[in-house]
Structure formats: C-alpha cells, structure tokens
Amino acid sequence: MTGRPDLADVDRGQLERLFEETGLAAFRARQVFRWLYLHGESDFSRMSDLGRQLRVSLAELFHISTPRLVREDLSVDGTRKFLVELADGKRIESVYIPDTPKQTFCISSQVGCAMDCDFCLTGKMGFVRNLTPAEITGQVRVLATASGLHGQPFNIVLMGMGEPLHNYDHVMTAVRILTDEYGFNLPARRITLSTVGVVPAMHRLATEPIMPSLAVSLHATTNPQRDRIVPINRKYRLEDVIDACRRFPLKRRSRITFEYVLLDGVNDTPDDARRLVGLLADVKAKVNLLPLNAAVGIPYERPSDERVNRFVQILADRGVNVSVRKSRGRDIRAACGQLIVEGQRKAAGQRLAALMTE
Ligand code: SAH
C-alpha cells in the first residue's frame, strides 16, 4: 500500500483543501474531479488539460485507487453482475440493471452485512468491513466504464451488500461525490438509499443538505413479527421507524419507498396487508413489494402470484401507491438479497447454505 493520499477517497471540498496544503490552486480539484468521475480517467498522465509538470507532481504526491473488476455475469434479462476486488483482496458485488429509458447501478456499502435479516443471503456472510468512499464510488466508475455510461445520467440504488446507514460518513461522502457538478453530477433524487431502519441515522440523514431518496425495508407490520425476520427491530422498533419516516423532510411530490419482502404464509396475509395500510396512513409512502427470491438456506418460500395479487389489491383498493418489484438477474444470483461472495463467510453452516445455491 502506498502512503500517498487517495484522491478517490475525498469529496471536492476536502480535495480543494488537500491541494491548497500542497500549494495547488483549488480549481485543480475541479479539473481532477471531472477527469475522474465524468470521464472515468484515473491515470494522471492522461489528464490532458493539466500541464505535464503538474501531472508528474500529482502522480508523485497522490494516487487514485480503483477497485478491480474480477468477473462479470450476464443475465438473460440483460442484468449484469460485477464481482469487484478491493485493495485488500476483499470482494463485493455490484449490479447494472439496464432498462429503457433509465439505467440503474445497484452498489454495495459494506463487505457483508451485520443486520442478518432472516431471508437475505448477504446477511449470511456476516459483517466483514465498511467500504471507503473510494470503494463506494469506485463501483460506479467500474460499472460506468464497463457499460459505456460515463458522463450520462443513471440511477444509483444503495441496495447492494451492506446497510448504508451503518457506514454513514463514508456513504455521505460518496453521495456528495455522486451529486457534485464536477463529479458524477447526478441529481440527488436519482440516488436511493435503502435502509433497514437505523433510526438515529435516519434522523441524522434528515438534516443533510444533500438528501438522497429514501427507501425503508419494512417487511412486517407488528413488532413480534419484525423481531423475527429483521433482528435490528429489537433495537429500533417499528413505531420508531415509522415515526422517523413521518418526520423525514420530503420534496413536493416525492415519497418514501417502503420495501416489503413477501414471505409465503408469514407476512403476506390479508390481515398483514390491512395492517400495512394502517401503519402508512399518514406517511407519504409508496410500497414496493418484493416476492421472496428463494434460495437454499433461506427458511422461507416465495408466495404464489395469486397471494401476491391479493396483497396488492388490498393496498390498491385503499389508495396505497403500490408496485411489485420485477426480479432482475435471478439466473445469475444478482437479484435482491442474493449478493454473497464466496470464501468470506463465517460459520460452516452458512458456507454450506451459500454453496447449495450455486
Ligand atoms: N440493508 C439495506 C440495503 C439492502 S437493499 C436494506 O435492508 O434496505 C436490498 C433489499 O432486498 C432489501 O429491501 C432487502 O430486505 C431485500 N431482500 C433481501 N433478501 C431478499 C430476498 N431473498 N428476496 C427479496 N428481497 C430481498
């Protein structure tokens, strides 16, 4: 590892200060940002509007880390899953979901995840470590380069591996880089942060000057039920999660997305649907239903289309904005909750469960 500061790890304000400390003008930070994020160029020697001497000095003083693309899988539906290796050899997954007209990158915020939701394969890896800002935005650079989308608008969903609000500071630095006009220049509403409901961090997020769209993984309508499938609920209760949502500042016409994974016979009954309507009565909400992506080692089943439709109908009849998430990339295990990286799991039982899904 090099001792030179990694320019991919800082937002533009921090980069300007870093440059000023080394006697470089602040506008150089804008130039480097444009190269790195708009054009995907991380080699100083190719940043052609910087003088030759400056390029040499930058390379002596700093470096730019980029995660290594190890493998790419292509689904029959066009979804592409990327296995990405970090400087310490740890691996994560990111997904490109092409659609017309919008393109979406689903990126990870941690290696593994500590939340251990009962139906999620990533949870079976356990928590390994937080990603740095360079590693979070580095996934976007790798995906944009691989898909030829540098400089074009795309959506980002922080719905890959990890709980983004458990890695708050690094995720917010990444959000600043993604939205910076000299960075990826994405409107904040094109970035969706999905959380399992880390209540104190939700309150903190509500005070940020740049706010991504919020999605909340609800999955249950009573505390005993949620305690069982989303263990963090024992710490941050359902009513407190809903209260944080109610108080979350929203722009006109925008809503909080509530993700609700449908587990056959567990949380998909008409009573669950009616309770869900009640819970969200005074929240500006839309509900995104995720019929379970089943896997060996996951102790639940995907409900039938009939049960899914009945659930949808109860919500729709009562005026709730509801959609069913299309499951993309299931054949390459790129769908929601299916991201897991071999060789980094903890317990033998968990290792077995993951291998059996191959
Ligand atoms: N930790 C964050 C970000 C992950 S987003 C969060 O929980 O919101 C991934 C989404 O996929 C979450 O809503 C998660 O609950 C859901 N998910 C996990 N496993 C799934 C599975 N097997 N089938 C369908 N959705 C799943």
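Things to note:
- Local charge for TRP35 was computed over the other residues whose Cβ lies under 14 Å away, with Lys and Arg +1 and Asp and Glu -1, and equals +3.
- In degrees, nearest ten, helix 12-21 long axis to first principal axis of the chain (Cα): 30
- Cα point-scatterer Debye curve for the chain, base-10 log of I(q)/I(0) at q = 0.06, 0.08, 0.12 Å⁻¹: -0.23, -0.40, -0.88
- Ordered from largest to smallest accessible area (heavy atoms of protein chains, 1.4 Å probe), the residues THR100, THR257, THR195 come out as THR100, THR257, THR195.
- Principal-axis tilt of helix 305-317 within the chain, Cα atoms, nearest 10 degrees: 90
- Dipole magnitude (debye, nearest 20) for the stretch 113-240, charges at Cβ of Lys, Arg, Asp, Glu: 160
- Charged neighbours of GLY148, selected by a Cβ distance under 15 Å, balance to 0 (K, R count +1; D, E count -1).
- Ordering of 333-340, 312-319 by burial proxy (mean other Cβ atoms within 10 Å per residue, highest first): 333-340, 312-319
- Among the cysteines of the chain, those whose beta-carbon sits 4.7 Å or more from every other cysteine beta-carbon are CYS106, CYS113, CYS245, CYS336.
- Over the chain: helical MRE at 222 nm, DSSP H runs n ≥ 4 each giving -39500 (n - 2.57), nearest 500: -9000 deg cm²/dmol
- GNM result for the chain, Cα springs below 10 Å: residue of SER217, SER108, SER147 fluctuating most strongly: SER147
- Computed magnitude of the charge dipole of the stretch 1-83 (debye, nearest 20; Cβ of K, R +1, Cβ of D, E -1): 160
- Computed over protein heavy atoms with a 1.4 Å probe, the accessible surface of the stretch 140-284 works out to 39 Å² per residue.
- Charged neighbours of HIS63, selected by a Cβ distance under 12 Å, balance to -3 (K, R count +1; D, E count -1).
- Of the solvent-accessible surface of the chain, computed with a 1.4 Å probe over protein heavy atoms with every protein chain present, carbon and sulfur atoms account for 49 percent.
The values are calculated or read from the model by the stated rules, or taken from the named source; none is laboratory data. This one's a predicted model, so the numbers in the text were calculated from it and none came from an experiment. Every residue, glycine as well, gets a Cβ built from its backbone with ideal geometry; the counts of neighbours run over all protein chains shown. Heads up: the accessible areas ignore ligands, DNA and RNA and are worked out on the full protein's heavy atoms, side chains in. Shrake-Rupley method; radii C 1.70, N 1.55, O 1.52, S 1.80 Å.
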